[in-house]
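Take a look at the structure set out below.
The values are calculated or read from the model by the stated rules, or taken from the named source; none is laboratory data. Please read all numbers here as calculations on a predicted model, not as lab measurements. Neighbour counts run over all protein chains shown; Cβ positions are idealised from the backbone, glycine included.
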């Protein structure tokens with residue numbers, strides 16, 4: 001059967017769509033127009049939007065996964081019991097916030113930690129900046145991240161086209177993933193940058209057969225050809241992820257967490273105790289930096305919460321593993337007559 005390379009461009013649960021990877025007359029990679037329904041071994045949820053796949057045709061518009069090519073990175077969220085893939089092979093995260101409705105500072109902080117852990121660039125977009133009554137409050141929440149060097153852009157997708165146009169160099173030639181809560185304006189931004197996004201969304205919906213649940217699908221949109229290619233020879237793309245309220249990072253170890261806080265890095269190893277939890281231990285370098293206003297107190301609060309989540313998840317997973325072992329032992333014992 002025909003085997004070919006493709007890009008996973010839409011996912012909903014275990015339902016995937018892909019587009020064949022071809023080349024233009026100059027040898028640059030490009031995506032075919034046809035949407036291919038992709039099946040997985042034993043209906044497993046193993047793929048993420050942005051994955052490069054080796055597929056084998058099973059019919060004119062269907063194929064099965066033979067292999068997922070090695071990923072540069074994989075962005076996902078998790079709790080103690082399950083994980084949810086967001087996207088792979090991403091160049092940057094676009095955290096979309098808005099002046100109204102109010103956004104979650106916790107979700108912003110967790111997205112920043114995930115970006116650092118995966119060595120992915122991050123850009124904060126404050127949308128609906130035309131709503132001036134809430135602008136000062138939003139800026140105050142974002143300020144610690146701007147101080148740490150994360151770029152921040154204030155935009156108005158509906159009322160200030162120039163603010164959107166000014167961001168074109170930021171996303172050209174890069175694969176960017178939108179992350180944010182529902183109602184922040186991700187769809188408005190997407191439609192401003194990718195004129196055919198609405199039509200392609202509808203086509204994805206029909207092929208995925210997700211109906212009213214389409215908003216929970218994750219989808220890949222190539223940037224317009226008219227923009228030209230970036231220095232890397234790629235058009236770039238926007239990945240529209242579903243809006244969510246929680247960004248669990250239970251899969252991260254305590255060590256990984258500490259290194260994912262940019263402002264902690266120069267202080268690691270300077271606490272009196274090597275395993276300092278930055279709680280109430282004496283001579284804690286991180287807490288002292290907070291007291292000197294060098295680290296925002298809400299960042300230390302976030303670290304403590306993530307550390308607690310990680311340890312709770314470890315305990316729960318150990319409990320589940322032990323329970324499975326006990327049941328396995330019982331199942332193999334001969335029954336008494």
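So which residues in the range 1-16 are under 19 Å from residue 203 (Cβ atoms), in contact with a helix residue (DSSP H, G or I) (Cβ under 6 Å, 6 or more places away or on another chain) and surrounded by fewer than 24 Cβ atoms within 10 Å (Cβ to Cβ), if there are any at all?
The answer is 12, 15.
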Open item on the list: Which count do you get for residues in the range 283-304 that are within 31 Å of the chain's Cα centre (by Cα), assigned to a helix (DSSP H, G or I) and without any contact (Cβ under 8 Å) to a residue 12 or more places away in the chain?
Closed with: 3
Task: Where residue 126 falls short, out of the listed (1) more than 23 Å from residue 163 (Cβ to Cβ); (2) surrounded by 20 or more Cβ atoms within 10 Å (Cβ to Cβ); (3) touching a strand residue (DSSP E or B) at 6+ places or on another chain (Cβ under 8 Å) - done: (1)
- [ ] For residues that are over 14 Å from the mean Cα position of the chain (by Cα) and surrounded by fewer than 16 Cβ atoms within 10 Å (Cβ to Cβ), scanning just the range 72-82, find the one that is nearest to residue 6 (Cα to Cα).
- [x] 82
Task: Counted residues, the range 1-24 - those being under 21 Å from the mean Cα position of the chain (by Cα) and assigned to a loop (DSSP other than H, G, I, E, B) - done: 2
Task: Scope the range 157-170; condition farther than 12 Å from residue 189 by Cα and within 25 Å of the chain's Cα centre (by Cα); matching residues - done: 166, 169, 170
TODO: With a cut-off of at least 1 residues that are touching a helix residue (DSSP H, G or I) at 6+ places or on another chain (Cβ under 6 Å) and within 12 Å of residue 240 (Cα to Cα), name the helices (runs of 4 or more DSSP H) lying wholly within the range 127-226.
DONE: 186-193, 197-208
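Answer yes or no as to whether residue 274 is surrounded by fewer than 18 Cβ atoms within 10 Å (Cβ to Cβ), closer than 20 Å to residue 74 by Cβ and not assigned by TED's automatic domain parsing to the domain that holds residue 101. Let's see the steps before the verdict.
Details: surrounded by fewer than 18 Cβ atoms within 10 Å (Cβ to Cβ): yes; closer than 20 Å to residue 74 by Cβ: no; not assigned by TED's automatic domain parsing to the domain that holds residue 101: yes.
The answer is no for residue 274.
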- [ ] Sort through 233, 183, 248, 228 and tell me the only one that's modelled with pLDDT under 95 and within 16 Å of the chain's Cα centre (by Cα).
- [x] 248
Open item on the list: Between 37, 33, 19, which is loosely packed, with under 15 Cβ neighbours inside 10 Å and either in contact with a helix residue (DSSP H, G or I) (Cβ under 7 Å, 6 or more places away or on another chain) or over 30 Å from residue 145 (Cα atoms) (or both)?
Closed with: 33
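State the number of residues belonging to the range 102-113 that are assigned to a helix (DSSP H, G or I) and either touching a helix residue (DSSP H, G or I) at 6+ places or on another chain (Cβ under 9 Å) or more than 11 Å from residue 179 (Cα to Cα) (or both). Working first, answer last.
Going residue by residue through the range 102-113, those that are assigned to a helix (DSSP H, G or I) are 105-113.
Still in the running and either touching a helix residue (DSSP H, G or I) at 6+ places or on another chain (Cβ under 9 Å) or more than 11 Å from residue 179 (Cα to Cα) (or both): 105-106, 108-110, 112-113.
Residues meeting the conditions: 7.
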- [ ] Could you tell me which numbered condition residue 280 fails, if it satisfies all but one of (1) part of a helix (DSSP H, G or I); (2) over 26 Å from residue 78 (Cβ atoms); (3) modelled with pLDDT under 95?
- [x] (1)
Open item on the list: So, residue 87, is that one touching a strand residue (DSSP E or B) at 6+ places or on another chain (Cβ under 6 Å), without any contact (Cβ under 8 Å) to a residue 60 or more places away in the chain and closer than 28 Å to residue 222 by Cα or not?
Closed with: no
Task: Given (1) touching a helix residue (DSSP H, G or I) at 6+ places or on another chain (Cβ under 9 Å); (2) more than 23 Å from residue 206 (Cα to Cα); (3) surrounded by fewer than 16 Cβ atoms within 10 Å (Cβ to Cβ), index of the condition residue 26 fails - done: (1)
- [ ] Within the range 82-101, track down each residue that is in contact with a helix residue (DSSP H, G or I) (Cβ under 6 Å, 6 or more places away or on another chain) and not in a strand (DSSP E or B).
- [x] 99, 100
